[in-house]
1. Would you call Gly155 in contact with a Lys or Arg (Cβ under 6 Å, 6 or more places away or on another chain) and on the phi > 0 side of the Ramachandran plot?
2. Would you be able to tell me the number of residues in region 127-151 that are out of contact with any strand residue (DSSP E or B) (no Cβ under 8 Å at 6 or more places or on another chain) and either basic (Lys, Arg) or surrounded by 16 or more Cβ atoms within 10 Å (Cβ to Cβ) (or both)?
3. Run down Thr144, Thr77, Thr94 and say which single residue is out of contact with any helix residue (DSSP H, G or I) (no Cβ under 6 Å at 6 or more places or on another chain) and over 20 Å from Ile166 (Cβ atoms).
4. Go through (1) part of a helix (DSSP H, G or I); (2) in contact with a Lys or Arg (Cβ under 8 Å, 6 or more places away or on another chain) one by one and return the number of the condition Tyr137 breaks.
5. Let me spell it out: the conditions are (1) touching a residue at least 12 places away in the same chain (Cβ under 8 Å); (2) out of contact with any strand residue (DSSP E or B) (no Cβ under 7 Å at 6 or more places or on another chain), and Ser46 meets all of them except one. Which number is the exception?
6. Evaluate region 110-131: report whether one residue or more is part of a helix (DSSP H, G or I), without any contact (Cβ under 8 Å) to a residue 60 or more places away in the chain and β-branched (Val, Ile, Thr).
7. Tell me, which residue of region 80-109 that is outside any loop (DSSP other than H, G, I, E, B) and of a type in the set (Val, Ile, Thr) is modelled with the highest pLDDT?
Amino acid sequence: MPEDIARPTGAAPSRTLSVRWSTLVTSAALATLLIATVVLAVLYSSARSDLADRDRREADARRAEQIATDYAVGASTIDYRDARAWFDRLESGTTPELAAKFDATATQLEQVLLPLQWTSTANPLSAAVISESDGRYKVNAYLTVSSTSVQNPEGAQTTVTYSLTIDRNADWKISEVGGLQNAIAVR
């Protein structure tokens, strides 16, 4: 009865748990695989998000460049016999504030176009986003403009840069226009 003396009354017999090494190794491998899968899934999701953001930024830049190009071509296509159509193109896609500035100068512009009998056509060369900040894109649009007037009836061709500010947050409206900068005569 020495065993009875060593064991307290009512205590459960001691138990041993035996686990095979292969089970431990397999469990550790599965845990490592699970952790690696979770890490890779998080990295993959993050990379997809980064790529989607990059693609959206590039698409927005292309849209701003297209808006700038279309506007510059319209603004440079002039026929003195239909000045109203030109004024409409100047105001098209602009903010109300910028359109009001064009309205305020329409009479003076028409007084220049009519006596000169100005006509011009434009062909786009390229456009480039110069900067972007909080959805406001500064874009330069480059054109070749062919023009005639009573002062130059044989015509002239120039390369022209329009600088525009396009606001994505204002439904892609043009808020600033600078045109005919760096006009370079083509010979």
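1. Working: in contact with a Lys or Arg (Cβ under 6 Å, 6 or more places away or on another chain): no; on the phi > 0 side of the Ramachandran plot: yes.
No: the conditions fail for Gly155.
2. Qualifying residue count for the region: 0.
3. It is Thr144.
4. Of everything listed in (1) part of a helix (DSSP H, G or I); (2) in contact with a Lys or Arg (Cβ under 8 Å, 6 or more places away or on another chain), Tyr137 misses just condition (1).
5. All conditions pass for Ser46, except number (1).
6. yes
7. If we take residues in region 80-109 being outside any loop (DSSP other than H, G, I, E, B) and of a type in the set (Val, Ile, Thr), then Thr94 is modelled with the highest pLDDT.
Results for (1) exposed (fewer than 13 other Cβ atoms within 10 Å of the Cβ); (2) out of contact with any Leu (no Cβ under 8 Å at 6 or more places or on another chain); (3) within 30 Å of Glu154 (Cβ to Cβ), shown as yes or no for each residue.
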{"position": "Arg84", "(1), (2), (3)": "yes, yes, yes"}
{"position": "Leu90", "(1), (2), (3)": "no, yes, yes"}
{"position": "Thr94", "(1), (2), (3)": "no, yes, no"}
{"position": "Ala100", "(1), (2), (3)": "yes, yes, no"}
{"position": "Glu110", "(1), (2), (3)": "no, yes, yes"}
{"position": "Leu113", "(1), (2), (3)": "no, yes, yes"}
{"position": "Leu116", "(1), (2), (3)": "no, yes, yes"}
{"position": "Ala122", "(1), (2), (3)": "no, no, yes"}
{"position": "Leu125", "(1), (2), (3)": "no, no, yes"}
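The values are calculated or read from the model by the stated rules, or taken from the named source; none is laboratory data. Everything numeric in this text was worked out from a predicted model, so none of it was measured. In this analysis, Cβ positions are derived from the backbone assuming ideal geometry, glycine residues included, and neighbour counts consider all displayed protein chains.
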